[in-house]
Amino acid sequence: MKTRFSAVLLCLSLALAATPALSSEPGHVDLTPLAGAMNTTPTVNLAFGPAMMAGFAETLRQNNPELADVLKSVKGLRVMVYEDVDSSGTEPRANELLDQMDAAGWSPALTIRDGSTEIDLLLLESEQYVKGLTLLLRDGSSTAVFANIHGDLDPVIIGQLIGSGKAMEGFDLGELMSQLPGQDDNGED
């Protein structure tokens, strides 16, 4: 009996290790298992925590204080983009993740199924904030994008910023990238 129980625990541990996990932090989703299913390096791979997001916010504060406030409310940003790849191998893990997110209270905001293109955009909301936003985009044999942003995102402030027409005022990605270690003025290594 003890051997069977140990075998069951081992199988359960292996199954959980192979499944994308929801973090204990509201809104954070570990996308690493989806990346592992791709069997290649992403073309774009961003992983920023609260310190970097606060730094980006302060870079923009003088030119766009509203956008700076939105960025400062972000606790984490993860984006992985794969190009010219077959994303079909991620489907079992993507489906497991979607089931986990559904069970944890995430709401589908957008679902598209069009041929080999599958797009899922999910939100985790509290009464006042969007706690997390996760995008899973799989486009057959060409592209995959996995993204998660989490924090206390105030949709009222974001809506006001977008409505003002100044959402990206003062935002220069090249300037931000040049501030990262190892980047020159053109944002290249």
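What is the set of long-range amide H partners of Lys75 at a cut-off below 5 Å, with H atoms built 1.01 Å from backbone N?
Under 5 Å from the amide H of Lys75: His150, Gly151, Asp152.
Please give, to one decimal in nm, the separation of the simple spin-label points placed at Thr111 and Gln160, each 7 Å out from Cα toward the Cβ.
Placing both labels 7 Å beyond Cα along the Cβ direction yields 3.5 nm.
Highest first, please rank the peptides 68-75, 90-97, 111-118 by the mean number of other Cβ atoms sitting within 10 Å of their residues. Could the numbers behind the result be given before it?
Numbers: 68-75: 19.9, 90-97: 18.1, 111-118: 11.6.
My ranking of the peptides, most packed first, is 68-75, 90-97, 111-118.
Quick one: what does P(r) look like for the range 27-178 with 5 Å bins over all Cα pairs, in whole %?
2, 9, 17, 19, 19, 15, 12, 6, 1, 0
Add +1 for every Lys or Arg and -1 for every Asp or Glu among the other residues with Cβ under 9 Å from the Cβ of Ser142, and state the total. Provide the component values of the computation, followed by the final result.
On the way: positive: none; negative: Glu83, Asp84, Asp86, Asp139.
Summing Lys and Arg as +1 and Asp and Glu as -1 gives -4.
Can you list the HN-Hα couplings for the range 83-93, worked out from phi with the Karplus curve (6.51, -1.76, 1.60; θ = phi - 60°), rounded to whole Hz and with x for Gly and Pro?
Those phi angles translate into 10, 6, 9, 8, 8, 4, x, 8, 4, x, 5 Hz.
Under 13 Å from the Cβ of Leu124, count the other residues' Cβ atoms, weight Lys and Arg +1, Asp and Glu -1, and hand me the total.
Numbers: positive: Lys75, Lys131; negative: Glu25, Asp102, Glu125, Glu127, Asp152.
So the environment of Leu124 carries a net charge of -3.
Find out how many positive minus negative residues lie around Ile112, taking Lys and Arg as positive, Asp and Glu as negative, among other residues whose Cβ is under 9 Å from that of Ile112. All intermediate terms of the calculation are to be shown ahead of the outcome.
On the way: positive: Arg113; negative: Asp114, Glu118, Asp120.
Local charge sum for Ile112: -2.
Only the coordinates and a few stated rules stand behind these numbers; no lab work does. The model shown is predicted, which means the values in this text are computed figures rather than measured ones. Because the Cβ atoms are built from the backbone with ideal geometry, glycine has one as well, and the counts that use them run over all protein chains shown.
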